[in-house]
Structures are given as C-alpha cells and as structure tokens.
Amino acid sequence: MRISKQQIQRIRRMQEKHRPFLQRWKEANIIATVNFEIEDYDFADERLPAVETIDDVDYYYDTIRQKPIRITPEETVRQEVVSFLIDKSNVPVHMLRVEESLAHHVKDCLDRSDVVIMRMADDHESVVPLAVIECKREELELDDNMIAQAQKYAEQLKCSFFMLTNGKKTLCFHRDADNNVLRIKSFRKYTAMLNEEYTELPAEAGFERRSLDEIRTDPTYFVYDVTPYEMGTETVAHEEKLIFCSNLWECLLDDEYALVPYEYDIFTLLKDYGVRRISWGNASGGSFNGCRCRSFRISYQGKTKIVSLAFSDYTATEKDQSKTGLFVIVETNGRIHSSLQIPMDAKNVLQIHGSMCSINHTGKITVGATGAGKISDLRRLVQQDYPKIIDGQLFKLGILPTNRILRLCDEAVCDFIENIISYTLIRDDYREIRLREVIP
C-alpha cells in the first residue's frame, strides 16, 4: 500500500507535535539505564581492549593512552571501568584520562589517579576534572582507607563525583563545594553528571544489637553469616567462649555508645571513630581485607595514631580449622600494621570462672624480619610503664562479665580498652628498641 503525500505530511506534523515528549522520554530512559544501584555490578561483562603479546608478556592496547599496557588484575578492572564509562555512561573518549598525574592539576602533587572524567571549564577553553575513579584488584575488599584515598583525590581535583571499585563491588559518591559527601547510587550519563544529577542512597540501617539470649540461641552468627568471617570454626566447639566473643564483638560494633575524649595513664583518647572497615597484614604473611573494626584516634608520646580493635578468623596452616583472633591494628602517618593478635581459642587466653571471664595474653611478640622478641624484655618494659596488667607469666588485659550484655559505657569494658591499647603501644615501643639494637 502506497502512502499518499498528505498522509506523510500528517505523520510529520504528529512527529513534530510530540517531539518534546519523545525527547523527554528518551532522555529519562537513557538516564535510567545507569540510574541503578551499582554496588554489586559486575564489570567483568564489559568489553576489554585487544591483547598484544610482546616478548611472551600480554598487554592491553589502551586506546586512551594509545600504548600497550601490561595486563595486571588492577589494569583489567581499570579497562573494564573505562569501557563502562564509554558504553554505558556515554563519556566522550577525549574527556577521559587514565593513570592521570595529579601534578597536572595540583602543584607538586606526586599522586596518580586511575581514571579521571573531564568537563569543559566555565571559560569553554580548557577542561577540568568532573569525577575521579580509583580501581583496586578484585581480591581486595573495599575499606575506609580506600574510600578516604578516593575522597582525597576528589578534593585535590575539586571533583563533584568520585568512585571506588574492585570490579565486583562499587561505591559512588557526590561531593559538593563545601566538601559534604553523599553516597549515591551510581554515575549517571555524562550529560546528567554535567548537570550535577544523582540519586542519593538511603542511609544504611544501623547495627542491631542482640540480647544475650539471642546470642546464645545463634552463637555461630559471626562464624558463618557475615563476610569476611569474623570468628573461626574451631571456636564453635567451645560454645561458652564463642558466646563471650560474640558479646564483646557486638559491644565494639555498637555505635549507640562511644568513648569520650579522656586522658588515660599513658595515652590520650582524642576521638572514638566508631566502626570502620580497614585492611592489614600480619607477620605471618596473612592478609585481612575490608574487615570491620572499632577505631580510636589517640595521642601517644607526641604522636597521633589510630588504634583499631577487630575480630577476624584466621588459619595457622592450611590443614587447620579457622580460629578466632582479636586483632589490634595501629595506623601512623598512613602506615598500618597489626601490633597484637590474641588467639581467643588458645589455652589461658580466655579464662571463664562462673560469671566472669579474664582476657589474657602470653606476651608472644614478633619484631619484623628479625623474628621473635624476648617476652622477658617486653615484660620489663611493661613493668616500667604500665605494671597493672602483669599477672605472673601472663598479661591480664581485662575481666568482663559473661552473664549480661557488654556496653562501651561499662567500667570494666573501658578498663579493658585502656589496657589493650596501652599494652599495644608498649609492644610497639619494644619493637622500635629491638630494631635499633639490631640495625644501628
């Protein structure tokens, strides 16, 4: 059937009449394609560049940098993110920078950012950063220090948006001119980002504290039902210990209570940061990624440190069942290390008598690559600086009740936190002394 000239003209008039509506519909649906919650989006489905092999080594040919880039797990995530930005967010290729030196934007800055999205400046003659993206390899859990790094880059570049991803989990944020930061669903289309469009994520539900009866009913919650696992399978056989550890851990995770600034015997508590996620390694080569912890900013001998307490499972050997450890992690000037690992399953560490439980440590200590330190030397230093925790051959860190819920406001819990932080600081003092003796 032929269409007459009059029918064609009528169709065109209808198209013209409805063009504004169709344009609005199209724009809304384009934005909606990336206005989803991106946290669990798998970037592995994104296209990757062509692979070149040079001297038996595989490289991606990076079309942004226009050169071969050696393939690494982190580079793979970076290339997947670039493809997402081009294909899903419609970011113009010429507005992308990869492995961008921040010195191009901030004088004398030595940092490099993984991906930067640019926009035209107000003068329409130059480009300035709109968003910055930090990429981590897939096996790394995202933590608060990584978020802080991405936010720092966003502040330095004066970006409105920043993102952190390991390819499997992604966190997106919006930052305003006053440096107020909001968690958002995703990066929208490039044109929407230029207009500062975003969807704020609702606040996460707060931590719900269980009653002691509920802990007793489900004592294995931290063994099987959280990720990363926070208590070990070996502890399941010692239900009394597992219930106590769960009670203490929920006490530390409970943000309804906070320690107030206070001058203790050997350190000053400056701020209770509440619950964070951090990553660290230990002397045995173990790696703990994206773990929850309770963090405190303190002042000790003129230095500011962040001291964190965390429960995590660990294994001594591949054949062993996982065990439960209470870790104390210290951050100083951007450096992080595990200062103390208390094996909660070990003999004499948790001693439960009736309605009370004492938490002890043997004094075992490792001094970097030099190996084991002398417990007797550590004991002399503790005797000198903080003698009240010495109890025969053990260091008694606290005595806590087992027949009721523990709270941070409890005097016994406050004493325990003071003792374990003080003991941790003295252990690090001993390490410094020992290293000076070995390395003049």
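The values are calculated or read from the model by the stated rules, or taken from the named source; none is laboratory data. Being a predicted model, the structure only gives us computed values, none of them experimental. FYI the Cβ positions are ideal-geometry reconstructions off the backbone, even for glycines, and counts take in every protein chain you see.
Couple of notes before you dig in:
- Qualifying residue in region 57-64 (condition: aliphatic (A, V, I, L, M), over 23 Å from Glu141 (Cβ atoms), in a strand (DSSP E or B) and over 28 Å from the mean Cα position of the chain (by Cα)): yes
- Of all residues in region 266-305 being among the polar types (S, T, N, Q) and in contact with a Ser or Thr (Cβ under 6 Å, 6 or more places away or on another chain), the one that is surrounded by the most Cβ atoms within 10 Å (Cβ to Cβ): Ser295
- Some residue of region 216-223 being touching a Ser or Thr at 6+ places or on another chain (Cβ under 8 Å) and closer than 30 Å to Asp114 by Cβ: no
- Residue among Glu250, Glu196, Glu234 that is in contact (Cβ under 8 Å) with a residue 24 or more places away in the chain and on the phi > 0 side of the Ramachandran plot: Glu196
- Lone qualifier among Phe161, Phe187 - being under 29 Å from His94 (Cβ atoms), surrounded by 14 or more Cβ atoms within 10 Å (Cβ to Cβ) and modelled with pLDDT of 95 or more: Phe161
- Ser376 vs. criteria crowded, with 20+ Cβ neighbours inside 10 Å and of a type in the set (S, T, N, Q): no
- Looking at Leu48, Leu110, Leu85, just one residue is under 28 Å from the mean Cα position of the chain (by Cα), not acidic (Asp, Glu) and not in a loop (DSSP other than H, G, I, E, B), and that residue is Leu85.
- Any chance Asn360 is under 30 Å from Tyr224 (Cβ atoms), surrounded by fewer than 13 Cβ atoms within 10 Å (Cβ to Cβ) and either not aliphatic (A, V, I, L, M) or not assigned by TED's automatic domain parsing to the domain that holds Asp255 (or both): no
- Looking only at residues in region 116-142 that are in contact (Cβ under 8 Å) with a residue 24 or more places away in the chain and not in a strand (DSSP E or B), the one that is surrounded by the fewest Cβ atoms within 10 Å (Cβ to Cβ) is Glu139.
- Single residue of Ser113, Ser101 found to be of a type in the set (Gly, Ala, Ser) and either surrounded by fewer than 23 Cβ atoms within 10 Å (Cβ to Cβ) or not assigned by TED's automatic domain parsing to the domain that holds Val77 (or both): Ser101
- Among the helices (runs of 4 or more DSSP H) confined to region 157-241, the ones with at least 1 residues that are farther than 24 Å from Phe43 by Cα are located at 212-217, 221-224.
- For region 314-326, taking the residues that are surrounded by fewer than 21 Cβ atoms within 10 Å (Cβ to Cβ) and assigned to a strand (DSSP E or B), the one that is farthest from the chain's Cα centre (by Cα) is identified as Lys323.
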